[in-house]
1. Taking the criterion of being part of a helix (DSSP H, G or I), closer than 29 Å to residue 150 by Cα, free of Cβ contacts under 8 Å to residues at least 24 places away in the same chain and in contact with a helix residue (DSSP H, G or I) (Cβ under 9 Å, 6 or more places away or on another chain), would at least one residue in the range 50-61 satisfy it?
2. Restrict the check to the range 97-109 and report whether at least one residue is in contact with a helix residue (DSSP H, G or I) (Cβ under 6 Å, 6 or more places away or on another chain), surrounded by 11 or more Cβ atoms within 10 Å (Cβ to Cβ) and under 30 Å from residue 2 (Cα atoms).
3. List pairs: first residue in the range 23-35 and under 13 Å from residue 95 (Cβ atoms), second residue modelled with pLDDT of 85 or more and assigned to a helix (DSSP H, G or I) anywhere in the structure, Cβ distance under 8 angstrom, at least six positions apart or on different chains.
4. Being over 21 Å from residue 86 (Cβ atoms), touching a residue at least 24 places away in the same chain (Cβ under 8 Å) and under 26 Å from the mean Cα position of the chain (by Cα) narrows it down to one of 45, 38, 19, so name that one.
5. Which numbered condition trips up residue 115, out of (1) closer than 15 Å to residue 13 by Cα; (2) assigned to a strand (DSSP E or B); (3) without any contact (Cβ under 8 Å) to a residue 40 or more places away in the chain?
6. Restricting attention to the range 1-49, report how many residues are surrounded by fewer than 16 Cβ atoms within 10 Å (Cβ to Cβ) and part of a loop (DSSP other than H, G, I, E, B).
7. Please verify whether the range 126-138 includes one or more residues that are in contact with a helix residue (DSSP H, G or I) (Cβ under 8 Å, 6 or more places away or on another chain), touching a residue at least 12 places away in the same chain (Cβ under 8 Å), within 28 Å of residue 49 (Cβ to Cβ) and assigned to a helix (DSSP H, G or I).
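The values are calculated or read from the model by the stated rules, or taken from the named source; none is laboratory data. It should be emphasised that the depicted structure is a prediction, and the values quoted were computed from it without experimental measurement. Here the Cβ positions follow ideal geometry from the backbone for every residue, glycine too, while neighbour counts run over all protein chains shown.
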């Protein structure tokens, strides 16, 4: 056994890998996606959703007319946002899956326990393997890393 397969080193190493992959992903994202445009799109969508919520609450016809006028534009904005997100997924998916395969099968064993949970987690259990610990770490650190790198899309 090597040092990186023993706890707590394996636990910390997977967390660092997760943070590193998040940083790489966000850096690539900044190169290919215009953050300002996505923030503007997000703001427009939030405004439209607030308008829709108000219309559902009040049933005001003026608000309904406003929504009908903006509906075509909103659909275009949704399409453009989806296109940007799809572009990022297409660029990063294959390399990251290859990286995950290497880490899961060559660096760590698929059955190697890298962390122990204090409580029994449904489906996962108490003994957490690389795959699950990476997923939990990525979910936990992804948002933190994006805030630290200033990549907040106003979600």
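1. Narrowing the range 50-61 to residues part of a helix (DSSP H, G or I): 50-58, 61.
Checking the rest, the ones that are also closer than 29 Å to residue 150 by Cα come to 50-51.
Remaining after also requiring free of Cβ contacts under 8 Å to residues at least 24 places away in the same chain: 50-51.
When the remaining residues are screened for being in contact with a helix residue (DSSP H, G or I) (Cβ under 9 Å, 6 or more places away or on another chain), the result is 51.
Yes, the conditions are met somewhere in the range 50-61.
2. First, pick out the residues of the range 97-109 that are in contact with a helix residue (DSSP H, G or I) (Cβ under 6 Å, 6 or more places away or on another chain): 104, 108.
Next cut, surrounded by 11 or more Cβ atoms within 10 Å (Cβ to Cβ) only: 104, 108.
From the residues that got through so far, the ones that are under 30 Å from residue 2 (Cα atoms) too are 104, 108.
Yes; the residues of the range 97-109 include at least one that is in contact with a helix residue (DSSP H, G or I) (Cβ under 6 Å, 6 or more places away or on another chain), surrounded by 11 or more Cβ atoms within 10 Å (Cβ to Cβ) and under 30 Å from residue 2 (Cα atoms).
3. 25/96
4. Working: 45 fails: over 21 Å from residue 86 (Cβ atoms); 38 fails: over 21 Å from residue 86 (Cβ atoms).
None of the other options fit; the residue is 19.
5. (3)
6. Looking only at that region, the number is 6.
7. If we filter the range 126-138 for residues that are in contact with a helix residue (DSSP H, G or I) (Cβ under 8 Å, 6 or more places away or on another chain), which is where we start, we get 128, 130-131, 133-134, 137-138.
From what is left, the residues that are touching a residue at least 12 places away in the same chain (Cβ under 8 Å) are 128, 130-131, 133-134, 137-138.
Now drop any that are not within 28 Å of residue 49 (Cβ to Cβ), which leaves 138.
Retained after the next criterion (residues that are assigned to a helix (DSSP H, G or I)): 138.
So far as the range 126-138 goes, yes, one or more of its residues are in contact with a helix residue (DSSP H, G or I) (Cβ under 8 Å, 6 or more places away or on another chain), touching a residue at least 12 places away in the same chain (Cβ under 8 Å), within 28 Å of residue 49 (Cβ to Cβ) and assigned to a helix (DSSP H, G or I).
Yes/no matrix, rows are residues, columns are (1) surrounded by 13 or more Cβ atoms within 10 Å (Cβ to Cβ); (2) closer than 28 Å to residue 31 by Cβ:
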site: 62; (1), (2): no, no
site: 73; (1), (2): no, yes
site: 83; (1), (2): no, yes
site: 88; (1), (2): yes, yes
